[in-house]
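Nothing in this text is a laboratory measurement; each read-out follows from the coordinates by a stated rule. The structure displayed is predicted, hence computed values, not measured ones. Every residue, glycine as well, gets a Cβ built from its backbone with ideal geometry; the counts of neighbours run over all protein chains shown.
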Amino acid sequence: MMLVLLGPPGAGKGTQAKILAQGLQLVHLSTGDLFREHRDRRTPLGLDAERYMARGELVPDETVVGMVRQRLGEPDAAGGVVFDGFPRTVAQAEALDALLADLGHELPCAIALEVARAELIRRLTGRRVCRSRGHIYHIDFKPPVIEGACDIDGSELYQRTDDALETVARRLDVYAQATQPVIDYYGACGRLCSVSGEGEPQDISQCLRAAVIGANA
Ligand code: AMP
C-alpha cells in the first residue's frame, strides 16, 4: 500500500503519518525528517538543503526526488510506505508516480488533512523542541513544567528556525502556491480524499484509518 498524506505545515501530518504507518505496518517516509538527519550529520545534501529549510523554501525537486528514490530502493519500502511531506509540487507527484511504476508498485492514494490557517499559525509558532533528544512541547497545548526546560531530560527547549512567525507565514504561502496544485493533481486522477485535521488526535486517526481503508477497498 502506498499512501500520500497531504496537508499544510502544522496540520499534524507527522504525528498522524507515524500512527498510520505503525497501525498498517508501513514505512513512514518523511522528507523533512530525512533532510534534518542529513543536516545534523552535515552531509553535502544536508548542508545544501539547510539553505532552503532555514528560509522556509522548498528544496529543489531534483534533490528531493533523488533522496526519495534512494529510500524507496531500501528493502523495507517494498512492503508499503506512508509519504509525509512529499510530494509538495506537481513535478514531485509525477516523479513519485513514475518511480513507483518503475518499481512495479501501485500508484499512491492521497489523503488531505484540512486545518484553518489561524490554527496552523498557533500550532507552529508555539512549538518547542528539546535540544538533546527532540522531545516536542507546545507553549499552550503541552507546556513543560519548568519554562524552557525539557520535563524528561532537563535540556533546553528551543524554537526551530522554521517555526518563527515570519517563516511560518512564508511556509504556509509556499504550501498554498506549490502544494495546493498537488491536491488538485490527485483529485483530477480520482486518487484523493479529505479528512479534517482539527479536533482530538485520536479521533483524527480513526477518520484517517477509515479513509485509507475506504480508498483501498
Ligand atoms: P517539514 O518538516 O516537512 O515541514 O520540512 C521541513 C523543510 O524541509 C521544508 O520547509 C522544506 O524546506 C524541506 N522539505 C521537506 N520536504 C520537502 C519536499 N517534498 N520538497 C521540497 N522541500 C522539502
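Quick notes
- Residue exposure sequence - 61, 76, 151 - by fewest surrounding Cβ within 10 Å: 76, 151, 61
- Counting neighbouring Cβ atoms within 10 Å and putting the fewest first, the residues 24, 29 line up as 24, 29.
- When peptides 121-129, 94-102 are ranked by their average number of other Cβ atoms within 10 Å per residue, the highest-first order is 121-129, 94-102.
- Relative contact order [Cα under 8 Å, 6+ residues apart], the chain, whole percent: 28 percent
- Centre separation in Å (Cα based) which lies between the stretch 8-62 and the stretch 158-175: 15 Å
- Unpaired cysteine residues in the chain (no second Cys Cβ under 4.7 Å): 109, 189, 193, 207.
- Sparse packing (at most 11 other Cβ atoms within 10 Å of the Cβ) combined with a DSSP loop state is found for the following chymotrypsin sites (Phe, Trp or Tyr not before Pro) in the stretch 53-145: 141.
- What the Cβ-Cβ distance of residue 76 and residue 145 gives, at R0 = 35 Å and to the nearest 0.05, is a FRET efficiency of 0.40.
- Amide H contacts under 5 Å for residue 135, placed H, 5+ residues apart: 130
- Compared with the dominant principal axis of the Cα atoms in the chain, helix 44-53 is inclined by about 70°.
- In terms of surrounding Cβ atoms within a 10 Å radius of their Cβ, 136, 204, 213, 111 rank from fewest to most as 213, 136, 204, 111.
- Amide hydrogen neighbours beyond the local backbone of residue 194, cut-off 5 Å, H modeled: 112
- Bins of 10 Å, starting at 0 and running to the largest distance - Cα pair percent for the chain: 8, 32, 39, 18, 3, 0
- Sum of -39500 (n - 2.57) over DSSP H runs of 4+, divided by residues of the chain (222 nm, nearest 500): -14000 deg cm²/dmol
- Per-pair calculated FRET efficiency, R0 = 30 Å: residue 161 and residue 118 via Cβ, rounded to 0.05: 0.85
- The modelled label-to-label distance between residue 173 and residue 193, using points 7 Å beyond Cα along the C-beta direction, is 3.6 nm.
- Modelled spin labels at residue 52 and residue 33, positioned 7 Å past Cα toward Cβ, are 2.0 nm from each other.
- In terms of Cα atoms, the Rg and Dmax of the stretch 83-180 work out to 17.5, 52 Å.
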